[in-house]
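Student: The following block contains the structure, expressed as structure tokens.
The values are calculated or read from the model by the stated rules, or taken from the named source; none is laboratory data. This is a predicted model, so every value here is computed, not measured. Backbone-built Cβ (ideal geometry, glycine too); neighbour counts: all protein chains shown.
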Amino acid sequence: MNLFSKTAGSANNTFLFSLVLLVLPASSLQAQTASLNQKNFNIPRVEQAPQIDGRLSPGEWDNAVVITDLHESQPVEFSDPEYPTVFRMMYTDDALYFSAYVYDDPEQLTATVMRNETSLRFEDQVGLIIDPFNNKRSGYLFQTNPNGVRHEAIYTSATSFSFDWATIWNANAELVEDGWTAEMEIPFKSLTFNPENETWGVNFTRQNMTSQSNMAWYSYNGQTNPANSGEMTGFRNLNQGVGLDLIPSFSTDYRENYVTDSSSSDFNPSFDLTYKLTSSMNLTMTWNTDFAATEVDDIQLDLDRFSTRLPEKRSFFLTDMDIFQFGNSGGFFFGGNNTPQAFNSRNIGLSDDGTPVDLTGGAKLSGRIAGFDVGTLVIRQEEFNNVDPTNIYIGRVKRTVLSQSELGAIITNGDPTSNDSSSTLGVDFTYRNTRLSNNRNVVSTFWVQQTDNPGIETEDMAWHADIDFPSNDSWYASATIEEVQENFDPRLGFANRTGVRQYDGEIGNNWIFRDHPFLREITTEFSATQYDYLDSGDLQSRTLEWNPANFENLRGDQLNIEISNERQVLLPGERAPLARLGVIIPPGEYDFTRYQAFYSTSQSRPFSYGFRVQLGDYYSGRARELQNRIDWRPSSRLSFNLSYNYNTYDMPGQTVDTRVIEFENVLTFSPSLSIVNLIQYENVSDSIGFNSRLRWNLQSGQDIWFVLGHGMRDEDEDGHFTDTESTATFKIRYTLRY
């Protein structure tokens with residue numbers, strides 16, 4: 001398999017395209033005053049750990065370093081915050097300690113989230129970013145709100161992160177007469193780092209929902225991440241213990257199938273082990289991998305020309321995801337629905353209809369050694385349908401080059417959906433510079449992939465190049481070119497469009513208002529995306545989108561208007577949109593314009609509402625699409641969320657509609673104990689699903705779940721639903737740490 005011989009010319013042209021864009025003058029962009037002085041401090045070591053109760057008791061933090069020099073990072077970067085914030089940091093041999101005194105009006109706080117590991121996007125919150133390797137491209141984010149909720153993320157690149165990652169740590173908070181206070185404890189056993197490195201990257205953040213503003217200790221172009229952070233020095237003799245986590249769990253499952261009049265029950269013991277071979281290299285092993293109690297996927301009707309992809313929610317695959325990230329614009333788990341991926345973990349352990357497939361076990365070795373990020377994953381998938389037991393392998397390596405960039409490679413082997421042999425090889429390079437003039441930064445990515453499948457010798461490659469000039473308060477622009485050949489087929493990955501070349505560009509501007517009585521920001525944007533067939537050079541699809549104005553007020557309410565024009569070319573034999581609904585759209589060329597309006601009140605309000613309406617021509621007919629969302633949080637312990645999506649397609653000779661309804665109720669007794677009730681309905685299959693999920697998080701790393709599920713279907717479409725299946729699952733997980 002020759003990775004480069006078949007695309008050398010195309011890859012060279014793409015690389016030259018990236019270099020030309022890189023030298024475009026940044027001075028043409030709106031300037032912004034910035035202070036680039038590197039911030040740093042010495043972190044003290046203490047003997048006595050504080051009690052993590054959210055209360056800053058006298059004497060507990062006397063020896064900590066004090067950080068007070070925050071500035072506003074958004075919307076008006078480097079301006080003075082309305083309220084001060086005092087952060088403190090220190091460490092013992094076993095853990096890192098962080099506290100915050102957040103001055104504010106307690107009556108104006110937004111603190112409606114009470115459940116651990118729930119989004120704090122619309123909450124008053126403080127955050128700690130740490131980069132233990134101080135390499136400016138990896139690290140962790142820890143957040144909490146006035147209720148002491150834990151929410152953590154891992155950086156999958158220098159500027160992107162995932163909240164699906166989880167680790168063991170502790171947080172608490174308390175309201176005080178002039179604001180609120182918070183404390184965090186982050187055990188060194190929960191982190192991967194080099195013990196010989198005395199200097200870590202660090203940043204402190206705060207979000208204030210009353211003023212809709214963010215504050216930071218260090219920022220650049222409004223961004224706070226490992227690439228834009230200060231440093232703390234003084235770490236010595238950190239204790240990671242033996243470095244062994246033993247995680248036994250078991251689940252019992254009962255299913256009753258009303259269609260076949262049968263029932264079954266299973267008892268599934270499972271065992272996970274994590275061992276630090278070195279302080280920066282982790283070995284993770286799993287036996288009889290159990291995904292019981294995994295969250296329910298949102299409904300995807302999949303009515304477009306090209307298939308969509310569901311996100312990963314299973315904890316085993318989410319562990320150490322930053323090591324396996326491939327390419328800055330997508331990679332291991334993320335990216336747009338049209339981005340080809342070398343590895344998409346949703347292909348493993350799930351059949352085409354989402355039914356779980358047993359995994360005998362697996363092992364993962366990941367970490368950093370001798371300047372390299374390395375990861376390898378081996379999984380044994382058991383037999384299902386007519387597919388034999390499958391061995392699956394993924395290997396990943398990358399290394400920092402220049403000051404902030406990285407070069408890497410990935411290889412996958414195995415096909416979880418057939419008995420064929422299959423492999424994919426990819427190489428990626430990400431150029432990153434967060435220190436351009438005028439407070440600007442740039443990110444550019446190039447990757448190339450090749451698949452090796454039985455009977456395929458040619459046209460089995462894909463390559464991609466992009467460049468992005470982001471901005472918080474000025475002009476921003478991005479461009480992408482991508483080619484996916486006809487026989488490119490990553491059996492462990494994802495590719496929904498093949499035999500095409502894509503061109504994509506976007507340009508826009510953000511206007512920030514400092515003293516306007518009600519406006520905070522106005523954004524205008526234009527984007528264009530085109531796909532051409534590789535064999536003929538003819539157009540497959542083109543979409544032009546113009547967003548003349550997106551308004552956001554001081555409370556965070558948004559109003560958006562968008563106009564789009566599409567040209568779609570359907571060839572005979574291709575999958576057509578709406579085919580699942582029985583709609584026949586003949587092959588041919590279609591040109592149509594659509595109009596969209598979106599309005600949403602800020603979700604920081606106790607009651608919020610949002611709607612999106614899109615209408616206009618659609619292929620050979622017309623379409624009207626309406627999305628509604630209502631969120632009501634009468635208290636931090638109770639919330640109701642209702643969404644209703646209704647689409648009507650008026651096509652020649654027939655009119656069809658789709659309806660998707662989701663209702664979620666969350667009852668939270670404490671940050672560690674909650675019940676989530678979910679009802680989902682869609683009319684394409686005329687099915688209703690009920691799911692109730694109780695989680696008791698005894699403490700970080702120790703959980704009990706009890707899940708009930710029930711499905712119903714209207715087989716005759718007469719409005720009468722009959723039972724199809726009932727399930728009950730009990731699962732307990734316990735972490736023993738040494």
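Student: If we scan the range 260-275, do we find a residue that is in a loop (DSSP other than H, G, I, E, B), modelled with pLDDT of 90 or more and touching a helix residue (DSSP H, G or I) at 6+ places or on another chain (Cβ under 8 Å)? Spell out the reasoning first.
Tutor: At the first step, the residues of the range 260-275 found to be in a loop (DSSP other than H, G, I, E, B) are 260-261.
Narrowing the set further to residues that are modelled with pLDDT of 90 or more leaves 260-261.
Narrowing further to those that are touching a helix residue (DSSP H, G or I) at 6+ places or on another chain (Cβ under 8 Å): none.
Checked against the condition, which is being in a loop (DSSP other than H, G, I, E, B), modelled with pLDDT of 90 or more and touching a helix residue (DSSP H, G or I) at 6+ places or on another chain (Cβ under 8 Å), the range 260-275 yields no hits at all.
Student: Further question: Is one or more of the residues making up the range 105-120 in contact with a Phe, Trp or Tyr (Cβ under 7 Å, 6 or more places away or on another chain), within 30 Å of residue 238 (Cα to Cα) and either β-branched (Val, Ile, Thr) or touching a residue at least 60 places away in the same chain (Cβ under 8 Å) (or both)?
Tutor: No: the range 105-120 contains no residue that is in contact with a Phe, Trp or Tyr (Cβ under 7 Å, 6 or more places away or on another chain), within 30 Å of residue 238 (Cα to Cα) and either β-branched (Val, Ile, Thr) or touching a residue at least 60 places away in the same chain (Cβ under 8 Å) (or both).
Student: Then there's this: Please go through the range 415-431 and give me each residue that is modelled with pLDDT of 95 or more and touching a strand residue (DSSP E or B) at 6+ places or on another chain (Cβ under 6 Å), ordered by number.
Tutor: Matches in the range 415-431: 423, 424, 425, 426, 427, 428, 429.
Student: Considering the range 65-83 alone, what residues qualify as being in a loop (DSSP other than H, G, I, E, B) and surrounded by 20 or more Cβ atoms within 10 Å (Cβ to Cβ)? Full working, then the answer.
Tutor: Initially, the range 65-83 is screened for residues in a loop (DSSP other than H, G, I, E, B), giving 68-70, 75-78, 80-83.
The answer is 70, 75, 77.
Student: Return a yes/no flag: does the range 511-523 have any residue that is surrounded by 13 or more Cβ atoms within 10 Å (Cβ to Cβ), of a type outside the set (Asp, Glu) and at pLDDT 95 or above.
Tutor: yes
Student: How many residues, within the range 657-689, are buried (at least 16 other Cβ atoms within 10 Å of the Cβ), more than 27 Å from the chain's Cα centre (by Cα) and in a strand (DSSP E or B)?
Tutor: Residues meeting the conditions: 3.
Student: OK, next. Which condition number in (1) in a strand (DSSP E or B); (2) in contact with a helix residue (DSSP H, G or I) (Cβ under 8 Å, 6 or more places away or on another chain); (3) buried (at least 22 other Cβ atoms within 10 Å of the Cβ) is the one that residue 157 fails?
Tutor: Among (1) in a strand (DSSP E or B); (2) in contact with a helix residue (DSSP H, G or I) (Cβ under 8 Å, 6 or more places away or on another chain); (3) buried (at least 22 other Cβ atoms within 10 Å of the Cβ), residue 157 violates only (1).
Student: Still on this model: Return the residues of the range 591-605 that are closer than 29 Å to residue 567 by Cβ, buried (at least 17 other Cβ atoms within 10 Å of the Cβ) and either at pLDDT below 95 or touching a Leu at 6+ places or on another chain (Cβ under 9 Å) (or both); say none if nothing qualifies. Can you show your working first?
Tutor: Our first condition is that a residue be closer than 29 Å to residue 567 by Cβ; within the range 591-605, this holds for 591-599.
In the following step, the residues that additionally are buried (at least 17 other Cβ atoms within 10 Å of the Cβ) were identified as 592, 594, 596, 598.
Answer for the range 591-605, where residues must be closer than 29 Å to residue 567 by Cβ, buried (at least 17 other Cβ atoms within 10 Å of the Cβ) and either at pLDDT below 95 or touching a Leu at 6+ places or on another chain (Cβ under 9 Å) (or both): 594, 596, 598.
Per-residue answers, yes or no, for (1) of a type outside the set (Gly, Ala, Ser); (2) closer than 26 Å to residue 733 by Cα:
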position	(1), (2)
678	yes, yes
681	yes, no
693	yes, yes
698	yes, yes
701	no, yes
706	yes, yes
718	yes, no
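Student: If you don't mind, another one. Just checking, how many residues over the range 690-727 are in a loop (DSSP other than H, G, I, E, B) and touching a residue at least 60 places away in the same chain (Cβ under 8 Å)? Write out each step before concluding.
Tutor: At the first step, the residues of the range 690-727 found to be in a loop (DSSP other than H, G, I, E, B) are 700-701, 714-721.
Cutting the leftovers down to touching a residue at least 60 places away in the same chain (Cβ under 8 Å) gives us 700-701.
Residues flagged as in a loop (DSSP other than H, G, I, E, B) and touching a residue at least 60 places away in the same chain (Cβ under 8 Å) within the range 690-727 amount to 2.
Student: State yes or no: is residue 434 modelled with pLDDT under 95 and either in contact with a Gly (Cβ under 9 Å, 6 or more places away or on another chain) or among the β-branched types (Val, Ile, Thr) (or both)?
Tutor: Working: modelled with pLDDT under 95: yes; either in contact with a Gly (Cβ under 9 Å, 6 or more places away or on another chain) or among the β-branched types (Val, Ile, Thr) (or both): yes.
It is true that residue 434 is modelled with pLDDT under 95 and either in contact with a Gly (Cβ under 9 Å, 6 or more places away or on another chain) or among the β-branched types (Val, Ile, Thr) (or both).
Student: Only one residue in 663, 669, 690 is under 28 Å from residue 706 (Cβ atoms) and touching a His at 6+ places or on another chain (Cβ under 7 Å). Which one?
Tutor: On the way: 663 fails: touching a His at 6+ places or on another chain (Cβ under 7 Å); 669 fails: touching a His at 6+ places or on another chain (Cβ under 7 Å).
Matching residue, one of 663, 669, 690: 690.
Student: Cβ-Cβ distance below 8 Å, separation of 6 or more or different chains: which pairs start in the range 561-583 with a residue that is farther than 18 Å from residue 540 by Cα and free of Cβ contacts under 8 Å to residues at least 40 places away in the same chain and end on one that is loosely packed, with under 14 Cβ neighbours inside 10 Å and among the hydrophobic types (A, V, I, L, M, F, W, C)?
Tutor: 561/549; 561/597; 562/597
Student: Could you figure out which of (1) in a strand (DSSP E or B); (2) modelled with pLDDT under 90; (3) among the aliphatic types (A, V, I, L, M) isn't true of residue 285?
Tutor: (2)
Student: Please go through the range 219-242 and give me each residue that is closer than 18 Å to residue 96 by Cβ, touching a Phe, Trp or Tyr at 6+ places or on another chain (Cβ under 9 Å) and at pLDDT 90 or above, ordered by number.
Tutor: Kept after step one, since they are closer than 18 Å to residue 96 by Cβ, are these residues of the range 219-242: 226, 229-241.
Checking which are touching a Phe, Trp or Tyr at 6+ places or on another chain (Cβ under 9 Å) leaves us with 226, 229-235, 238-241.
Passing the criteria: 226, 229, 230, 231, 232, 233, 234, 235, 238, 239.
Student: In this structure, does residue 730 turn out to be in contact (Cβ under 8 Å) with a residue 24 or more places away in the chain and more than 18 Å from residue 667 (Cβ to Cβ)?
Tutor: On the way: in contact (Cβ under 8 Å) with a residue 24 or more places away in the chain: yes; more than 18 Å from residue 667 (Cβ to Cβ): yes.
The answer is yes for residue 730.
Student: From the list 495, 528, 549, pick out the single residue that is surrounded by 14 or more Cβ atoms within 10 Å (Cβ to Cβ) and modelled with pLDDT under 95.
Tutor: Details: 528 fails: modelled with pLDDT under 95; 549 fails: surrounded by 14 or more Cβ atoms within 10 Å (Cβ to Cβ).
Exactly one residue qualifies, and that residue is 495.
Student: For the range 420-527, please list each of the strands (runs of 3 or more DSSP E) lying entirely inside it that holds at least 2 residues being more than 29 Å from residue 545 (Cα to Cα) and in contact (Cβ under 8 Å) with a residue 60 or more places away in the chain. Quick ask: steps written out before the conclusion?
Tutor: Details: elements: 423-436, 440-452, 461-469, 475-484, 500-512.
It comes to 423-436, 440-452.
Student: To continue, here is another question. Residues of the range 99-154 being farther than 16 Å from residue 186 by Cβ, in a strand (DSSP E or B) and not aromatic (Phe, Trp, Tyr), which ones?
Tutor: 102, 125
Student: Still on this model: Give the residues of the range 210-232 that are surrounded by 22 or more Cβ atoms within 10 Å (Cβ to Cβ) and assigned to a loop (DSSP other than H, G, I, E, B), sorted by residue number.
Tutor: Within the range 210-232, 217, 218, 219, 221, 222, 224, 226, 227, 229 qualify.
Results for (1) more than 30 Å from residue 509 (Cβ to Cβ); (2) surrounded by fewer than 18 Cβ atoms within 10 Å (Cβ to Cβ); (3) of a type outside the set (Gly, Ala, Ser); (4) in contact with a Cys (Cβ under 7 Å, 6 or more places away or on another chain), shown as yes or no for each residue.
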| site | (1), (2), (3), (4) |
| --- | --- |
| 397 | yes, yes, yes, no |
| 403 | no, yes, no, no |
| 413 | yes, no, yes, no |
| 420 | yes, yes, yes, no |
| 423 | yes, no, no, no |
| 426 | yes, no, no, no |
| 429 | no, no, yes, no |
| 434 | no, no, yes, no |
| 444 | no, no, no, no |
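Student: Another one. Select, from 153, 95, the only residue that is touching a Pro at 6+ places or on another chain (Cβ under 6 Å) and under 25 Å from residue 201 (Cβ atoms).
Tutor: Details: 153 fails: touching a Pro at 6+ places or on another chain (Cβ under 6 Å).
Among 153, 95, only 95 is touching a Pro at 6+ places or on another chain (Cβ under 6 Å) and under 25 Å from residue 201 (Cβ atoms).
Student: Among the residues of the range 194-238 satisfying the criterion of being touching a strand residue (DSSP E or B) at 6+ places or on another chain (Cβ under 7 Å) and among the acidic types (Asp, Glu), which is nearest to residue 403 (Cα to Cα)?
Tutor: 231
Student: Next up: Looking at the range 84-104, which of its residues are surrounded by fewer than 18 Cβ atoms within 10 Å (Cβ to Cβ), out of contact with any Lys or Arg (no Cβ under 9 Å at 6 or more places or on another chain) and touching a residue at least 40 places away in the same chain (Cβ under 8 Å)?
Tutor: 103
Student: Of all residues being part of a loop (DSSP other than H, G, I, E, B) and at pLDDT below 90 in the range 160-191, which is surrounded by the most Cβ atoms within 10 Å (Cβ to Cβ)? Just the residue, please. If you could, list the steps in order and put the result at the bottom.
Tutor: Here is the first cut: in the range 160-191, the ones part of a loop (DSSP other than H, G, I, E, B) are 160, 163-169, 177-178, 191.
Next cut, at pLDDT below 90 only: 160, 163-166.
Details: 160: 16, 163: 17, 164: 21, 165: 19, 166: 19.
Checking each candidate, the answer is 164.
Student: Out of all the residues in the range 447-470, which are surrounded by fewer than 22 Cβ atoms within 10 Å (Cβ to Cβ) and of a type in the set (A, V, I, L, M, F, W, C)?
Tutor: The one that is surrounded by fewer than 22 Cβ atoms within 10 Å (Cβ to Cβ) and of a type in the set (A, V, I, L, M, F, W, C): 456.
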